[in-house]
Amino acid sequence: MHGSASSGWLLVALCAATGAYCLLRMRSGVEEQRRAAGGEALMGFGMAAMAVPAAVFTPPAWVWPAYAAVFGAAGLRALWAARSGRHHLHHLVGAAAMVYMAVVMAGSPAHAHGHGASGTPLLTGVLLLYFAGYVLVTGVRLIPVVTVAGGGPGAPSVPAPGGGAGAGGRAGAGWGDRPELARACRLSMAIGMLAMLLPL
């Protein structure tokens, strides 16, 4: 999906590493987190495969309709799951973006693997705005919050509740259950999605 092979390989590495981490998160004891991690692993590996530079591998024509079908099904699943939580709407937008990119790739001349592909400028712009906003908001949420004990000047700073390993009973939680790591995973994929949408 990218102009230079080096940036393409960096994107492949980012998305594949994110997908691998999401597979590890599927070992969580919380069923909802396992399901979300499975969808995110599919997204990460799908993005990694789509980002392979065209000079290395040009997929056959049937790959793009298959992508559209797989991520269309993932989008329907996310839409169904959104009844129980709004965070599934982000998965729905991600799946829709993958379907959109697959359709654009299928319609590009000789299935050029991103080179010369041309999507709908309005839809591309809306997706770029969404993912840019998501990256900014999620990045801000990952910044640690520090409160001041006692509230007076010169008082020692103390991490806010939920920020440390011993806070709120989190000591027993596995690293796969930590929300900040899941957020960082989603942030990485949103950055990757921005990089994949820009050439469209």
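The values are calculated or read from the model by the stated rules, or taken from the named source; none is laboratory data. Remember, it's a predicted structure, so these values are computed and weren't measured experimentally. Methodologically, a virtual Cβ is constructed for each residue, glycine included, from the backbone with ideal geometry; neighbour enumeration extends over all protein chains shown. With ligands, DNA and RNA removed, areas are computed over all heavy atoms of the protein, side chains included. Shrake-Rupley method; radii C 1.70, N 1.55, O 1.52, S 1.80 Å.
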Please specify each residue of region 68-79 satisfying the condition of being hydrophobic (A, V, I, L, M, F, W, C) and surrounded by fewer than 20 Cβ atoms within 10 Å (Cβ to Cβ). A68, A69, V70, A73, L76, L79
Pairs please, first residue from region 10-37 and more than 17 Å from A184 (Cβ to Cβ), second anywhere and open to solvent by less than 30 Å² (accessible area, probe 1.4 Å) and of a type in the set (V, I, T), Cβ atoms under 6 Å, 6+ apart in sequence or on different chains. V12/V52
If you scan region 58-67, which residues turn out to be more than 17 Å from the chain's Cα centre (by Cα) and crowded, with 16+ Cβ neighbours inside 10 Å? P59, V63, W64
Hits in region 47-104 - residues which are modelled with pLDDT under 90 and over 26 Å from A5 (Cβ atoms): A81, A82, R83, S84, G85, R86, H87, H88
